[in-house]
Amino acid sequence: MYGIGDEEEKDVLPTFCKCGPQKPGYHCLANDCQFAGHAPAPFEIAYSHDNGEVSHDAWIGFGGDMEPEPYNENEVNTLKDTWQKVCKKKVDEAYNEYMIKTNLQDKSN
């Protein structure tokens, strides 16, 4: 295993490693893996695979063309609030559509 900026292998693969190097998963976080890192993902909505990984085309986050021009912090805060409400609504809609398409019962009732 190579650390950032290392040119030679220095450490042994942890025994809890399920998928090999360069393929992180929940087990990395659960075991506080020294090789694991994370990046904050504020204001993002995503679909993750069975190991909790998100592919490059399965997420969208607030920013870029969603921000006002010229930039205005107060307006950005209002837009982020709108983005949060839209995301929560779409998650609920996705759940409801899934339940309808699969003919499953809502188990919370």
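Considering only region 63-81, I want to know if a residue exists there that is hydroxyl-bearing (Ser, Thr, Tyr), free of Cβ contacts under 8 Å to residues at least 24 places away in the same chain and surrounded by 11 or more Cβ atoms within 10 Å (Cβ to Cβ). Yes. Filtered by the rule that a residue be in contact with a helix residue (DSSP H, G or I) (Cβ under 6 Å, 6 or more places away or on another chain) and either without any contact (Cβ under 8 Å) to a residue 24 or more places away in the chain or in a helix (DSSP H, G or I) (or both), region 19-50 gives a lone residue, ALA36.
Exactly one residue out of GLU53, GLU97 is surrounded by 10 or more Cβ atoms within 10 Å (Cβ to Cβ) and assigned to a helix (DSSP H, G or I), and it is GLU97. Quick check: is even one residue across region 58-73 in a loop (DSSP other than H, G, I, E, B), in contact with a Cys (Cβ under 8 Å, 6 or more places away or on another chain) and modelled with pLDDT under 95? The answer is no, given that none of the residues of region 58-73 is in a loop (DSSP other than H, G, I, E, B), in contact with a Cys (Cβ under 8 Å, 6 or more places away or on another chain) and modelled with pLDDT under 95. Filtering region 57-106 to residues that are over 16 Å from PHE43 (Cα atoms) and among the aromatic types (Phe, Trp, Tyr) leaves TYR71, TYR95, TYR98.
The values are calculated or read from the model by the stated rules, or taken from the named source; none is laboratory data. Just so you know, these numbers come straight off a predicted model, no measurement behind them. Positions of Cβ are generated from backbone atoms using ideal geometry, with glycine treated the same way; all protein chains shown enter the neighbour counts.
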